[in-house]
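Single-structure report; data block below.
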Amino acid sequence: NAGVTQTPKFQVLKTGQSMTLQCAQDMNHEYMSWYRQDPGMGLRLIHYSVGAGITDQGEVPNGYNVSRSTTEDFPLRLLSAAPSQTSVYFCASRPPLDRGHGYTFGSGTRLTVV
Amino acid sequence: DAKTTQPNSMESNEEEPVHLPCNHSTISGTDYIHWYRQLPSQGPEYVIHGLTSNVNNRMASLAIAEDRKSSTLILHRATLRDAAVYYCILRERNTPLVFGKGTRLSVIA
């Protein structure tokens with residue numbers, strides 16, 4: 001199993017550009033989430049999904065869209081990048097029931113908006 | 001969401017036990033206590049979770065107060081690799097994980 005795979009690992013965008021951060025998991029996990037982590041700060045929840053076709057907003061959803069057409073993939077779209085969206089983005093997933101383990105996180109995408 | 005309070009930072013000597021405290025005085029009966037850690041330049045990593053009883057796994061132990069208003073994550077022998085930010089999080093079943101500021105643990109050789 002590859003776990004949670006995030007691509008790209010690094011990205012530089014110009015203000016106003018749009019892009020999609022990819023997240024894929026091969027563990028048949030139903031729950032998936034997106035977080036951002038600004039330098040020296042904790043993680044903040046952007047959007048999450050409890051299964052294919054179902055998404056909901058987290059703490060800081062503005063400026064981001066998500067969709068969940070398959071169990072495996074949960075892409076995060078930046079509609080019009082702003083310097084305030086410079087951050088490290090983490091995707092996470094977990095199975096539907098608590099079975100002695102929790103969320104598995106990807107290694108992150110470091111995004112810089114200039 | 002119920003809130004947790006953790007010290008900003010702690011220091012430990014290598015090969016000694018570490019007790020990381022977490023206060024959660026407003027915990028509800030359906031809140032699970034989760035601990036995650038984040039090593040430098042990595043994504044968070046699940047450590048342990050519990051509801052009412054103490055829990056042990058290969059990474060750590062979780063001691064939960066009888067009134068559930070506090071808990072302690074115990075690393076039995078700290079190594080340099082355990083230097084990380086440790087997050088104590090309350091989560092109801094089937095709700096998303098919401099992080100606080102955590103405790104930065106430094107391990108001294």
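Quick notes on this one:
- Sparse packing (at most 13 other Cβ atoms within 10 Å of the Cβ) combined with a DSSP loop state is found for the following GluC sites (Glu not before Pro) in segment B:29-109: B:E66.
- Neighbour counts of other Cβ atoms within 10 Å put A:W34, B:W35 in the fewest-to-most order B:W35, A:W34.
- Computed over chain A, the range of Cα coordinates on each principal axis works out to 42, 28, 25 Å, biggest value leading.
- With N the number of residues in the protein assembly as shown, Rg(Cα) / (2.2 N^0.38 Å) evaluates to 1.03.
- Listed from fewest to most Cβ neighbours within 10 Å, the set B:H24, B:H76 follows the order B:H76, B:H24.
- Lys pairs under 28 Å by Cα in the protein assembly as shown, provided they are eight or more residues apart or on distinct chains: 4
- Fewest-first sequence of A:C23, A:C91 by Cβ atoms within 10 Å of each Cβ: A:C23, A:C91
Bear in mind that the values in this text are calculations on the coordinates, not laboratory data. What you see is a predicted model; the values in this text were computed from it and never measured. So basically every Cβ, Gly included, is an ideal-geometry build from the backbone, and we count neighbours across all protein chains shown.
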